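Accompanying notes for the structure given below.
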Amino acid sequence: MKVAAIVPAHNEAQTVGDVARIATQCDYVDEVIVVDNLSTDETAAEAAGAGARVLTSTVLGKGEAMAAGAAAADAETLLFLDADLLGLKVDHLDRLVKPVLDGTAVMTCGLFDRGPFLNRIFLRFLPILTGERALKRELFESLDPEDRQGYKIEAALNSRCGEIGGRRVTFVCPGLWHLTKEKKFSNPVEGFLRKVAMLSVAIWEYLAYRVRHRQNRKARDLRRLLGATPKP
């Protein structure tokens, strides 16, 4: 069963090369695809230099970039990674991919290492929002196009996995962190506000997904009812 590592990237020249390089070293991974999402820096060059296949996504958005990468791959298992990771190890990727390949999970999620106390909080009590995940292609393709837009996609994948009764495995990746938005922008306040906006969209999607899909189910039920009603 083939595995494609897909890395959506927007202006991540500082870190994307290391992420792509580690992904190429994972024995489970057959192909590494970096989706350059309208970057204005050297993201594409850094990714290509690390051995990744580079695609250009002309529609800005994380979900859109992930979908572009999935469409370009022919693998049955998709491994998604953020482009701004620090401390990524091959062992993290092995732990993400193996349960999906051996059929013990439909999706796996790897969390940042925030220390013993916060790790427990994030694992047990908070919504699982992470760009580090492996999943069966069928799960990804079962999302409606609206679910794949921007930062909504992570919450949508979690909701869809639960909706179909798929087993999800979540764990902390020891030593894994990322280049925060406060450090990416010259103005830390701008970076902080962008982070808050991103998290707000992702968390709101949990509720929006339920509302949207309940309405969709009602519409489908109505269409079935109308289709079964004899014509006068």
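Readers should treat all values here as calculations from the given coordinates under stated rules, not as data from a laboratory. If you're wondering where the values come from, they're calculated on a predicted model, not measured in any experiment. Positions of Cβ are backbone-derived with ideal geometry, glycine not excepted, and every protein chain shown enters the neighbour counts.
Taking R0 as 45 Å, what FRET efficiency do you get between Glu42 and Asp102 from their Cβ-Cβ distance, rounded to the nearest 0.05?
The calculated FRET efficiency here is 0.75.
What size of dipole, in debye to the nearest 20, comes out for region 76-181 about its Cα centre when the only charges are +1 on Lys and Arg C-beta atoms and -1 on Asp and Glu C-beta atoms?
Around 380 debye, computed over region 76-181.
Among 157-166, 39-48, how do they line up from the highest to the lowest mean number of other beta-carbon atoms within 10 Å?
Put in order of decreasing packing, that is 39-48, 157-166.
Please report the spacing between the Cα centers of region 94-142 and region 31-70 in Å, no decimals.
22 Å
About its Cα centre, how strong a charge dipole does region 21-157 have in debye, to the nearest 20, once Lys and Arg get +1 and Asp and Glu get -1 at the Cβ?
560 debye
What number comes out for the charge environment of Gly51, summing +1 per Lys or Arg and -1 per Asp or Glu over other residues with Cβ under 14 Å away?
My count for the surroundings of Gly51 gives -2.
Which one of Ala73, Phe112, Ile33 has its Cα pushed farthest toward the positive end of the charge dipole of region 3-178, where Lys and Arg give +1 and Asp and Glu give -1 at the Cβ?
Phe112
For region 3-178, take the alpha-carbon Rg, divide it by the Kirkwood Rh, and send me Rg/Rh.
Checking Rg against Rh, the ratio lands at 0.93.
By how many nm would the segment from Ala72 to Arg114 lengthen if fully extended, with 0.36 nm per residue of separation less the alpha-carbon distance?
11.7 nm
How much length is gained on full extension from Arg53 to Ile164, taking 0.36 nm per residue of separation minus their Cα-Cα distance?
Roughly 36.7 nm would be gained on extension.
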